[in-house]
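Report on the structure given below.
The values are calculated or read from the model by the stated rules, or taken from the named source; none is laboratory data. Since this is a predicted model, take the numbers as computed values, not measurements. FYI the Cβ positions are ideal-geometry reconstructions off the backbone, even for glycines, and counts take in every protein chain you see. All accessible areas refer to the heavy atoms of the entire protein, side chains included, with ligands and DNA or RNA removed. Shrake-Rupley method; radii C 1.70, N 1.55, O 1.52, S 1.80 Å.
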Amino acid sequence: MTLRKDLALVASLIPDGSRVLDIGCGSAMLLSHLIRNQGCRGTGVEIDPEKVLAAIRVGVPVIEMDIDRQLDEFPDGSYDLVVLSRTLQTVRHPDRVLRHMARIADRLIVSVPNFGWYPHRLRMMTGRLPMGKDLPYNWYDSPNVRYTTLYDLQVLFDEVELTVERMIPLGTTGDPLKVSPRWANLLASTGVYVLRPASA
């Protein structure tokens, strides 16, 4: 099983043997890799019943759950690390989800498509909503309910008292870009963040 490049990057940021909660895990490719190759123990959270079944088929423990409403079921400090990959933009209450994540673990990895990427800006100038490899949906069938730039994400992280330990801008191939944070909001199609609670 070969991971997407962005998921391989996320996996490289996770210490071997970690207890990992993967929120919005999809078919659990990341968790399957972490369990089999890095000695991690993990649990997936997913709302789509078909993806839950796919995760179970590859032997990953998964809970069918609405992350907007049910993350309070996880005790404080019950995991070493929580992953939220390409999911924050699909939830109704991103601030609430991030606060729960910071309660559940003292390290967070969050990846989000960047609506401030310059091709999206150019498409908006033509009167069309953004679409692309990282946003492969029409406005009427998109699971995305929130649209954020990397600048806006930083504001949200500050508001929910999360400290950015590392931000990795990615290009459309999933490879890291060698650009300064100042240019990432314009040139990165996705941002990957390693975060910790400000109090930690």
In segment 149-174, the residues that are in contact (Cβ under 8 Å) with a residue 60 or more places away in the chain, under 17 Å from Y118 (Cα atoms) and in a loop (DSSP other than H, G, I, E, B): T173, G174
Of the listed residues (S180, S199), the one being at pLDDT below 95 and either in contact with a Pro (Cβ under 9 Å, 6 or more places away or on another chain) or over 30 Å from P75 (Cβ atoms) (or both) is S180
If you go through segment 163-199 one residue at a time, how many are farther than 22 Å from L98 by Cα, of a type in the set (S, T, N, Q) and surrounded by fewer than 13 Cβ atoms within 10 Å (Cβ to Cβ)? 2
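Scan segment 74-93 residue by residue and report those that are touching a Lys or Arg at 6+ places or on another chain (Cβ under 6 Å) and either of a type in the set (F, W, Y) or open to solvent by less than 50 Å² (accessible area, probe 1.4 Å) (or both).
Going residue by residue through segment 74-93, those that are touching a Lys or Arg at 6+ places or on another chain (Cβ under 6 Å) are 76, 79-81, 89.
Scanning segment 74-93 gives Y79, L81, Q89.
I'd like the full set of residues that are open to solvent by less than 20 Å² (accessible area, probe 1.4 Å) and farther than 24 Å from T90 by Cα, limited to segment 1-33. If you could, list the steps in order and put the result at the bottom.
The first filter runs over segment 1-33 and keeps only residues open to solvent by less than 20 Å² (accessible area, probe 1.4 Å), leaving 6-7, 10-11, 14, 18, 20-23, 25-26, 28, 30-32.
Answer for segment 1-33, where residues must be open to solvent by less than 20 Å² (accessible area, probe 1.4 Å) and farther than 24 Å from T90 by Cα: just S18.
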Among D141, D106, D68, which is over 18 Å from T190 (Cβ atoms), among the acidic types (D, E), over 14 Å from the mean Cα position of the chain (by Cα) and at pLDDT below 90? D141
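From the residues in segment 120-134 that are more than 14 Å from the chain's Cα centre (by Cα) and open to solvent by less than 40 Å² (accessible area, probe 1.4 Å), which one is farthest from G44 (Cα to Cα)? Working first, answer last.
So in segment 120-134, the residues more than 14 Å from the chain's Cα centre (by Cα) come out as 120-133.
Cutting the leftovers down to open to solvent by less than 40 Å² (accessible area, probe 1.4 Å) gives us 120, 130, 132.
Working: H120: 31, P130: 29, G132: 27 Å.
So the residue we want is H120.
Okay, residues lined up against (1) more than 18 Å from the chain's Cα centre (by Cα); (2) in a strand (DSSP E or B):
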residue: D16; (1), (2): yes, no
residue: L53; (1), (2): yes, no
residue: D72; (1), (2): yes, no
residue: P75; (1), (2): yes, no
residue: Y79; (1), (2): no, no
residue: V82; (1), (2): no, yes
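Mind listing just one residue for me: the one in segment 53-62 that is of a type outside the set (G, A, S) and closer than 13 Å to S32 by Cα and, of those, surrounded by the fewest Cβ atoms within 10 Å (Cβ to Cβ)?
In the first step, residues of segment 53-62 are kept if they are of a type outside the set (G, A, S); the result is 53, 56-58, 60-62.
Subsequent filtering for residues that are closer than 13 Å to S32 by Cα retains 56-58, 60-62.
On the way: I56: 14, R57: 10, V58: 15, V60: 25, P61: 13, V62: 23.
Among those that are of a type outside the set (G, A, S) and closer than 13 Å to S32 by Cα, it is R57.
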Count - residues of segment 2-14 that are modelled with pLDDT of 95 or more and not in a helix (DSSP H, G or I): 2
List the residue pairs whose Cβ atoms are under 7 Å apart, where the first residue sits in segment 94-122 and is without any contact (Cβ under 8 Å) to a residue 60 or more places away in the chain and under 20 Å from S78 (Cα atoms), the second is open to solvent by 10 Å² or more (accessible area, probe 1.4 Å) and assigned to a helix (DSSP H, G or I), and the two are 6 or more positions apart or on different chains. H100/D72
